[in-house]
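In what follows, a single structure is set out as structure tokens and then discussed.
Throughout, read-outs are computed from the coordinates displayed, never taken from laboratory work. Just so it is clear, the structure is predicted and the values come from calculations on it, not from any experiment. Note that each Cβ is placed from the backbone with ideal geometry, even for glycine, and that neighbours are counted across all protein chains shown.
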């Protein structure tokens, strides 16, 4: 099972993203949080679509976080990738 949480500013992109999730069996838990309890093949395909199609279209403020419950793994895309990294000031 994976949990996907997103914050996408562009209405059209956000709508396409949500539609892609529901077409692949995702259940909406909250407005921008979905649960996908399916085979690893389906969940892997969703992650690949996010990596290869959607992540290229994300703006600077957009973020997607995927929590892989079974493997205790977290994947981040967009702005979310910067949240766990050290910040260097000059």
Quiz item: On a 0 to 90 degree scale, rounded to 10, what angle separates helix 40-49 from the longest Cα axis of the chain?
Solution: 40
Quiz item: Going by how many other Cβ atoms sit within 10 Å of their own, how do 28, 75, 41 line up, fewest first?
Solution: 41, 28, 75
Quiz item: What residue among 79, 52, 71 shows peak mean-square fluctuation when the chain is described by a Gaussian network model with Cα springs under 10 Å?
Solution: 71
Quiz item: Between residue 30 and residue 56, what FRET efficiency comes out of the Förster formula 1/(1 + (r/R0)^6) with R0 = 25 Å and r the beta carbon distance, rounded to 0.05?
Solution: 0.45
Quiz item: Classify the chain: rounded, prolate or oblate, from the alpha-carbon gyration tensor (a ≥ b ≥ c, eigenvalue square roots; a/c under 1.5 rounded; otherwise prolate if a/b is larger than b/c)?
Solution: oblate
Quiz item: Based on the Cβ-Cβ distance from residue 38 to residue 12, what FRET efficiency comes out when R0 is 22 Å, to the nearest 0.05?
Solution: 0.25
Practice problem: Kindly put 40, 63, 55 in sequence by how many other C-beta atoms sit within 10 Å of each C-beta, fewest to most. | Solution: 40, 55, 63
Practice problem: Sort 1, 20 so that the residue with the fewest other Cβ atoms within 10 Å of its own Cβ comes first and the one with the most comes last. | Solution: 1, 20
Practice problem: Enter the angle in degrees (range 0 to 90, nearest 10) between the Cα long axis of helix 11-23 and the first principal axis of the Cα atoms of the chain, meaning the one along which they spread out most. | Solution: 40
Quiz prompt | Chain lengthening between residue 1 and residue 67 when straightened (0.36 nm per residue, less Cα-Cα) | solution = 22.9 nm
Practice problem: Name the most mobile residue of 69, 46, 27, meaning the one with the largest mean-square fluctuation, in a Gaussian network model of the chain with Cα contacts below 10 Å. | Solution: 69
